[in-house]
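**Student:** Got a structure for you, written out below as structure tokens; questions coming shortly.
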Amino acid sequence: VQLQASGGGLVQPGGSLRLSCAASGIIVSNNVMNWFRRAPGKQRELVAAITSAGSTNYAESVKGRFTVSRDNAKNTVFLQMNSLKPEDTAVYYCHLLYRGSDSWGRGTQVTVSS
């Protein structure tokens, strides 16, 4: 299983970014796909998840601002982040629990700063 996250960058407060997680070795629509983040000095946090049925869940801190989705044809999961705040600054990771093992993509840095 390989997960390749991309799309991070530097954005001003109030701006938007879309992260992508391209998967190989698994079918994203058959699995629960997660987005985590780790901010400096803080513990890793589950930000959003999308189930095989298409249900979504979000951390309270991002509800109404972030949207998780997937493109089955591209076997890719997305995290659309709007109204970004400085406290959203973190390294973002896509994650999958597959056959009892954690699979992590390489993180992508998101920095929200003026």
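The values are calculated or read from the model by the stated rules, or taken from the named source; none is laboratory data. Computed from a prediction, not measured in an experiment: that's the story for all the values here. Positions of Cβ are backbone-derived with ideal geometry, glycine not excepted, and every protein chain shown enters the neighbour counts. In case anyone asks, the SASA skips ligands and DNA or RNA and just uses the protein heavy atoms, side chains included. Shrake-Rupley method; radii C 1.70, N 1.55, O 1.52, S 1.80 Å.
**Student:** For a quick check: with amide H placed at 1.01 Å from N, whose amide H comes under 5 Å from Gly9's, ignoring anything fewer than 5 positions away on the same chain?
**Tutor:** Those lying under 5 Å, H to H, from Gly9 are Val110, Thr111.
**Student:** So what are the ³J(HN,Hα) numbers for the stretch 11-28, from phi and the Karplus equation (6.51, -1.76, 1.60; θ = phi - 60°), rounded to whole Hz, Gly and Pro as x?
**Tutor:** 9, 6, x, x, x, 10, 9, 10, 8, 10, 9, 8, 10, 9, x, 9, 9, 4
**Student:** Here is a further query. Can you tell me the Rg and Dmax of the stretch 75-114, counting just the alpha carbons, in angstroms?
**Tutor:** 12.8, 42
**Student:** Taking a probe of 1.4 Å, how large is the accessible area per residue of the chain, in Å²?
**Tutor:** It amounts to 53 Å² per residue over the chain.
**Student:** Once the other residues with Cβ under 10 Å from the Cβ of Ala23 are scored (Lys, Arg +1; Asp, Glu -1), what is the net sum?
**Tutor:** +2
**Student:** Whenever you get a sec, compute what percent of the accessible area on the chain sits on carbon and sulfur atoms (1.4 Å probe). Before the final figure, lay out each step's value.
**Tutor:** Values: 2730 of 6030 Å².
Ligands and nucleic acids excluded, carbon and sulfur give 45 percent.
**Student:** Give me the Kirkwood hydrodynamic radius of the stretch 12-94 in Å, from all C-alpha pairs, to one decimal place?
**Tutor:** Roughly 13.1 Å, rounded to one decimal.
**Student:** Identify all lysines with a Cα-Cα distance to Lys85 below 23 Å; exclude those on the same chain that are fewer than 8 residues away in sequence.
**Tutor:** Once the sequence-local lysines are set aside, what remains near Lys85 is Lys42, Lys63.
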